[in-house]
Amino acid sequence: MRRTRAAAASAVTVSLLAAVTACGGGSSTDGGSNDSPKTLTYWASNQGASIEADKKILTPELKKFEEQTGIKVKLEVIPWSDLLNRILAAATSGQGPDVLNIGNTWSASLQATGALLPWDAKNFGKIGGKDRFVESALGSAGATGSDPAAVPLYSMAYALYYNKKMFEDAGISGPPATWDELVADGKKISKDDKWALGAEGANPSENIHHVFVLGKQHGADFFDADGKPDFTSDGAVAAVKQYVDLMGKDKVVAPGNAEYAQNQSLQDFAKDKTSMVLWQTASATLKAHGMSDDEWGVAPVPVQSGTPGAGEAVNSMVAGINMAVFKNTDNIDGALKFVKFMTSDAEQKALNKTYGSIPSVKAAQEDPAFNTPALKVIRETLAKSAAPLPQVPNESQFETAVGTAVKELFAEAAAGRPVSTAAVKEKLDEAQQQMPKK
């Protein structure tokens, strides 16, 4: 999921989930019948610099679709801070769009409402087949063992962006490959009001992304095989402590980052205040902040030892945006045509080039535009060393509960108070108690 969404968007409240039925959504009554759809409604997520920027990007593409099919698409771009609640309200009322974007980490949670069209073999066949899509992207499209609830649209992964001059000034020859190396390098840099690594400590969703990855590196998944929360395992506790220790113990993250939640760490990086940042597809944003391409480098996110790969060498969550269809739409044939259009090779190339993300369709990834040094790292990460966040119905509550626990631990570290293993375990136990009881 795109990381710039507000943390509030990650919270699926128990009452809303309980109220949602399989009523689905649907277009307005003037939208035409399923046999001859005239209009589709589309809720797009805010991927660009602003809502207006997204409208300018998407409107010409939607016009192409109308020219090809005769179907007009009514577009609404919704900010991340509102999107999840809008989806839940639409599912509850039955008054929603025909097609919509969702953050891929929400897939299983929204799938559990029963409001989204399942992507079985028949539906995938209508958009060219399931095998067109990158396997790791499909892994974040719904619960394991079920037909996906959505189709991958834009793919992203985390990478380590580093400031070349700050590294050179500190006598560091290249980016760190392990966390021990990052801490060692960071201590050389973190002085004279300069800091090694940026963090968004007050953003629960950002916290979750990083502690999930560290959890995988420590052999923890945060949920057991039955989908029950397992937040206090040794691996989960070690992951959270390691992340918070970057500020409290290792002192390579500025204490002020405990209050960051609106991409301030990326701004600090662009202003040469911080030498490294963990980010998803940051190239376009760094350029917007006035940083030229030759000022920064990109490398895989560090691992505990060795090199990135599967298992405990995972170094990113599978990030991205999925496209879903409300199950009870009156325009299902038109909706499927629209998804086919948006996931076509041509549109995948055009839209992902614009947004700086990676196509979720294999053939589109072969375009040279996605083989730049920065995007090559992200592509390889998605192919070899990224894992989807837990595809369980309570994933969104997990993001809120554990992400907030990490936020509170960062506040302790920023205040100069030691964050012990016992304190981390206690905080994670409190988070686990907040999860819905089955």
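Odds and ends about this structure:
- Taking the chain and dividing mean pair separation by its residue count, relative contact order in percent (alpha carbons under 8 Å, at least six apart): 27
- Normalising the average separation of contacting C-alpha pairs (under 8 angstrom, six or more residues apart) by the number of residues puts the relative contact order of the range 174-280 at 38 percent.
- Max mean-square fluctuation residue, GNM over the chain, Cα-Cα springs under 10 Å, options R86, R417, R379: R417
- Computed from the C-beta positions of K384 and T421, the FRET efficiency with R₀ = 30 Å rounds to 0.45.
- 19 Å Cα-Cα threshold exceeded, pairs from K164/K251; K165/K353; K74/K337; K188/K251; K74/K130; K187/K249: K164/K251; K165/K353; K74/K130
- For K384, neighbours were defined as the other residues whose beta-carbon sits under 14 Å from its Cβ, and their charges (Lys and Arg +1, Asp and Glu -1) total 0.
- Normalised per residue, the volume of the convex hull around the Cα set of the range 320-421 (Å³): 180
- On Cα atoms only, tilt of 345-355 relative to the major axis of the chain in degrees: 40
- Options G48, M166, G103, ranked by Cα towards positive dipole end of the range 39-174, top entry (Cβ charges): G48
- Full-stretch length increase - D180, Q68 - with 0.36 nm per residue and alpha-carbon distance subtracted: 34.9 nm
- The stretch between D226 and A49 holds 59.7 nm of extra length on full extension. This uses 0.36 nm per residue minus the Cα-Cα distance.
- Note on exposure: H209, H289 ranked by accessible area (1.4 Å probe, complete protein assembly) read H289, H209, with the most exposed listed first.
- Proportion of all alpha-carbon pairs of the range 133-173 beyond 16 Å (%): 56
- Considering only A49, A282, A258, the Gaussian network model of the chain with Cα springs below 10 Å gives its largest mean-square fluctuation to A49.
- Tilt relative to the chain, helix 51-69 - C-alpha long axis, 0 to 90 degrees, to 10: 30
- Residues of type aspartates and glutamates that K38 reaches as a straight line, Cα spacing below 16 Å, ignoring anything fewer than 8 places off in the same chain: D30, E66, E67, D98, D330, D333
- Spatial separation of Cα centroids for the range 329-369 and the range 88-151, in angstrom: 15
- Note on the range 382-438: percent of Cα-Cα distances in each 5 Å bin, starting at 0 and stopping at the bin with the largest distance, equals 4, 17, 21, 19, 16, 13, 9, 2, 0.
- Ratio of the Cα radius of gyration of the range 44-197 to 2.2 N^0.38 Å, where N counts its residues: 1.44
- Residue among L389, L88, L100 with the largest mean-square fluctuation in a Gaussian network model of the chain, springs linking Cα atoms under 10 Å: L88
- The chain - convex hull of the alpha-carbon atoms, volume per residue in Å³: 125
The values are calculated or read from the model by the stated rules, or taken from the named source; none is laboratory data. No experiment lies behind these values; they were computed from the predicted model shown. FYI the Cβ positions are ideal-geometry reconstructions off the backbone, even for glycines, and counts take in every protein chain you see. To get the accessible areas, we keep the full protein, side chains included, count just its heavy atoms, and leave off ligands, DNA and RNA. Shrake-Rupley method; radii C 1.70, N 1.55, O 1.52, S 1.80 Å.
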